[in-house]
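The values are calculated or read from the model by the stated rules, or taken from the named source; none is laboratory data. Computed from a predicted model, the values in this text were never measured in an experiment. For neighbour counting, all protein chains shown are included, and Cβ atoms are generated from backbone atoms with ideal geometry for every residue, glycine included.
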Amino acid sequence: MEMIPSLPLLLLSLLLSPPQEAPPAGKQPAAADEKTETPAISPAISLLGKAHPAMVLTDTSGKFFDLATLSDKVVVLEWTQPDCRFTRRLYTQHRIIPMIRRWGKQDVKWISINSTFYSHPEKIKPWHEKYPIQHPYLLDQKGTVAEAFGVKNCPTYLVLDRGKIVYHGAIDDDVWGRNLDRKLYLDDAIRQAVEGLEVENPLTRAYGMEIRTRRLEDIRRVALDKARAEVQVPKQPKSPESAGGGR
């Protein structure tokens, strides 16, 4: 007779599976039976046009950085992590460093942020050695900054214009990096902010990998421990010899 896995076993297998990629822009996930959205994450649309949340973090050298010091600048916030294949692809295709240099000539400031719970300066060091990163690379190990800015996926880009959030979303509409005729969402938003114009497309859907923040990891571990506790290992029947107690 075919064995049907118990619910705890199914739950345990799901919890042990790797993080899922975010759906590409324009594709909505199927409706779930239960609401999985958590109120700890600010809705991105509610932040547009408003002053950015407070952000004070340390960089990979341990130096404190306060975003408020750039309140008179156009600033790009880049949520990134070296183990994200979407981030690696953008850097490998030379999409990021040339953009940083080009807009840097117009005094646009670029800030990279890693909000994974396991982010650590030593893990970022090889990334710095591979790419000539001169801008601040900040560590948000608790993930509270990502949640305050409504960021769930990596990579995600925000443009700030004199302290206000004017863009939130993807770098472009080319999820897999195969199209030459791509919509340059981020580039357009930076240009319009620099020129003092209203950003025409302020909110797009960021594609990439889910950011494993400290809070989400704690929730995952609690659920995993609960599933493990509910799993009952079936007892093996005793052999006739052991049942008889031997000779």
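For segment 151-192, a residue qualifies if it is in a loop (DSSP other than H, G, I, E, B), among the acidic types (D, E) and more than 20 Å from the chain's Cα centre (by Cα), and exactly one does: D181. Out of D187, D173, D161, one residue alone is charged (D, E, K, R), touching a helix residue (DSSP H, G or I) at 6+ places or on another chain (Cβ under 6 Å) and modelled with pLDDT of 95 or more. It is D161.
Scan segment 174-187 and tell me whether some residue there is in contact (Cβ under 8 Å) with a residue 60 or more places away in the chain, under 20 Å from L57 (Cα atoms) and in contact with a strand residue (DSSP E or B) (Cβ under 9 Å, 6 or more places away or on another chain). Taking every residue of segment 174-187 in turn, none turns out to be in contact (Cβ under 8 Å) with a residue 60 or more places away in the chain, under 20 Å from L57 (Cα atoms) and in contact with a strand residue (DSSP E or B) (Cβ under 9 Å, 6 or more places away or on another chain). Scanning segment 39-63 for residues that are over 29 Å from H128 (Cα atoms), of a type in the set (S, T, N, Q) and surrounded by 15 or more Cβ atoms within 10 Å (Cβ to Cβ) yields a single hit, S42. Per this entry, I133 is not counted among residues that are crowded, with 18+ Cβ neighbours inside 10 Å, modelled with pLDDT of 95 or more, among the hydrophobic types (A, V, I, L, M, F, W, C) and over 19 Å from the mean Cα position of the chain (by Cα).
Do you know which residues across segment 42-60 are part of a strand (DSSP E or B), β-branched (V, I, T) and under 19 Å from G163 (Cβ atoms)? Spell out the reasoning first.
As a first pass, look at segment 42-60 and keep what is part of a strand (DSSP E or B): 51, 56-59.
Going one step further and asking which of them are β-branched (V, I, T), we end up with 56, 58.
Scanning segment 42-60 gives a single hit, V56.
Among the candidates K109, K105, the residue that is within 21 Å of V74 (Cα to Cα) and surrounded by 18 or more Cβ atoms within 10 Å (Cβ to Cβ) is uniquely K109. Taking the conditions (1) out of contact with any Phe, Trp or Tyr (no Cβ under 9 Å at 6 or more places or on another chain); (2) at pLDDT 95 or above; (3) of a type in the set (D, E) in turn, E122 satisfies each one other than (2).
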